[in-house]
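To start, the structure itself, in structure tokens.
The values are calculated or read from the model by the stated rules, or taken from the named source; none is laboratory data. Please read these numbers as outputs of a predicted model, since none were measured by experiment. No Cβ is skipped: glycine too gets one built from the backbone with ideal geometry, and neighbour counts run over all protein chains shown. All accessible areas refer to the heavy atoms of the entire protein, side chains included, with ligands and DNA or RNA removed. Shrake-Rupley method; radii C 1.70, N 1.55, O 1.52, S 1.80 Å.
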Amino acid sequence: MTADLILTNATVYTVDGARPWASSLAIKDGRVLSLEDIERGPNTEVVDLDGAFVMPGLVDVHNHHALAGRAALFELTFGLDAGLDDILAAVRSHAAALGPDEWVVGGAWASTLVSTLSRTSARHALDEAAGGRPVMLSDDSRHNRWVSSRALELAGVTTSTADPAGGEIVRDPSTGEPVGVLLEAAGVAV
């Protein structure tokens, strides 16, 4: 088998108890292999690491596997390309299978929808789609929430509720009424 990449003159920690150290390794199709399993071909890149340390790693770019699993199993999910009407249709369909007091939880709506959702009319449309149930939908960053009137009520968020430190309750500019968009720490109450 021909390697895509060969690293030589390295200090390689293999994570293999039988052979914990090596001085080189090969990579083929994204898999790390020992040089015993592979050969150099005309397109193989060879890099001399001049004694540098190498170790296999689990690369995590800030994933939340438990949250993703919970979402896949128990929550309403829709794509980031979903617009307001698509989200309302998904909520309506999901809520139809729930009891009258069960929460609709899910997401993730695109954060580009903040201005669209930051209207009292959007919250009322969410209330109607959910049949009056409490709803909490996260955005794509999982830091912000769009919630229904019932969710605001259960969380005790009213016109007179102060913004928490590190968060903002988005309000209708003419009435001061919460529109249902809760930014950052404001979503903790829900």
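For beta carbons closer than 6 Å, sequence separation of 6+ or different chains, a first residue in the range 150-166 that is open to solvent by less than 60 Å² (accessible area, probe 1.4 Å) and a second that is in a loop (DSSP other than H, G, I, E, B) and modelled with pLDDT of 95 or more, the qualifying pairs are A151/P134. Taken together, the criteria place D29 among residues that are among the acidic types (D, E), in contact (Cβ under 8 Å) with a residue 24 or more places away in the chain and farther than 20 Å from G187 by Cα. Can you confirm whether D4 is surrounded by fewer than 12 Cβ atoms within 10 Å (Cβ to Cβ), of a type in the set (D, E) and at negative phi? No: the conditions fail for D4.
Within the range 7-52, the set of residues being among the polar types (S, T, N, Q), surrounded by 11 or more Cβ atoms within 10 Å (Cβ to Cβ) and in a loop (DSSP other than H, G, I, E, B) comprises N9, T14, S23, S24, S34, T44. Taken over the range 91-122, the criterion of being within 22 Å of L154 (Cβ to Cβ), assigned to a helix (DSSP H, G or I) and free of Cβ contacts under 8 Å to residues at least 12 places away in the same chain is satisfied by S121 alone.
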